[in-house]
1. Of the residues V286, V267, V255, only one is in the same structural domain as A237 (by TED's automatic domain parsing), farther than 19 Å from S227 by Cα and either crowded, with 19+ Cβ neighbours inside 10 Å or among the β-branched types (V, I, T) (or both); which?
2. Being among the small types (G, A, S) and either within 15 Å of V277 (Cα to Cα) or surrounded by fewer than 20 Cβ atoms within 10 Å (Cβ to Cβ) (or both) is the filter here, so list the residues in segment 311-339 that pass it.
3. Could you list, in sequence order, all residues of segment 189-225 that are basic (K, R) and over 20 Å from A166 (Cβ atoms)?
4. Tell me, please, whether a residue that is farther than 28 Å from R274 by Cβ and out of contact with any His (no Cβ under 6 Å at 6 or more places or on another chain) can be found in segment 213-224.
5. Would you call D132 at pLDDT 75 or above and within 25 Å of the chain's Cα centre (by Cα)?
6. Just checking: which of the helices (runs of 4 or more DSSP H) contained wholly in segment 202-265 hold 3 or more residues that are free of Cβ contacts under 8 Å to residues at least 24 places away in the same chain and of a type in the set (S, T, N, Q)?
7. Please go through (1) in contact (Cβ under 8 Å) with a residue 40 or more places away in the chain; (2) in contact with a helix residue (DSSP H, G or I) (Cβ under 9 Å, 6 or more places away or on another chain) for G271 and return the number of the only condition it doesn't satisfy.
8. Kindly indicate the residue of segment 174-223 that is of a type in the set (V, I, T) and over 29 Å from the mean Cα position of the chain (by Cα) and also farthest from L263 (Cα to Cα) among those meeting that condition.
Amino acid sequence: MSAATRDDHGLARPGRTRRPRLGAPDLGLYARVLVVNVGILVTAFLLLVLTPVSVSPEPTRGQFAILLAGLVLMLASNALLLRFSMAPLDRLMGLMRSADVLQPGRRLDAGGTPEVAQVITAFNATLERLEDERRASMRRVLSAQEAERRRIAQELHDQIGQNLTAVVLELKRLQGHVTDEWADTLADAQELARESLEELRRISYELRPAALDDLGLRSALESLATSVARRAEIEVALEVAPDLPPLGPDAELAVYRIAQEALTNAVRHSGCTRARVRLSAEDDAVYLRVADDGRGLGELPRSGGGVRGMRERALMIGGRLVLGVSDEGGVEVELSIPSAVVEA
């Protein structure tokens, strides 16, 4: 049976069992306070009965010193006992204040008295249930969102896209039937129709990238990097390890959306000139790292909808998202997907 590991705040990782204590029985808080007070009072009684120590109606300095020492001893014993017994509750309060379902896995070791241990155990179970429910609800919401995106992208491509294509063809047919006076106006209309068609195709692709469904994650990331580099006029380097384990559809979609959002944030907020997207398998996990050479974390809205969306997608697939500083001084977004999730 292995002992639970703790972090700097006394928190234990889930899935570990606590090593049982050896020695004195694990008494409750009431019993501990009672035992200490009984011990002190019995000791004082024996001192008065079995020793020549006595208290006169007008205590001397020596008698007063003995009484004061006994009082201090009793108060100090009770204070130490209560502090030791209440310490797990202080850690529990800290976890309650900092708990975030978007950063799961933080648990508290169920130590202290039996009453305190029961409270901590109940809170850990409640927190785990909330995380499971949040993960399930986010999976339903994001699945419905992706289905709606797919439907809208298909509608845009099949209806509005075809209409704009027809408009471009009709305008082309008119080229030989207009006077020189209207030729420039017709050319402007053709160019506007072509630009609208290209913009429609871009929006449709961003709603649901066809390459992800048809060609896989690697091709989708290559298309994303090329599109961002062309549109934002920055350099985007893509590295995809050849030995990646197969990812499920949900994990592939989460990796793509997080890379897409991270690159969007880099273009909008960092003022970067270069970005790097790296997908690799390390230490029994798959890692996605998106880094830039921009202004750093100070320019990134950590509580914005984009960052929160990335955290939700990471949580949905059982991964972990961390924001840090890149080697170039900009922002690095790191998504780690454990091997247990990858294999599942």
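1. V286
2. Selection gives G318, G324, S326, G329, G330, S336, S339.
3. Taking segment 189-225 first, the residues basic (K, R) are 194, 201-202, 208, 218.
R208, R218, listed by residue number.
4. yes
5. For D132, the condition - at pLDDT 75 or above and within 25 Å of the chain's Cα centre (by Cα) - is met.
6. Numbers: elements: 210-214, 217-232, 249-265.
Those helices (runs of 4 or more DSSP H) span 217-232.
7. Every listed condition holds for G271 apart from (1).
8. Ranking the qualifying residues of segment 174-223, first place goes to T179.
The values are calculated or read from the model by the stated rules, or taken from the named source; none is laboratory data. Only a predicted model underlies this, so the values are computations on that prediction, with no experimental measurement involved. Positions of Cβ are backbone-derived with ideal geometry, glycine not excepted, and every protein chain shown enters the neighbour counts.
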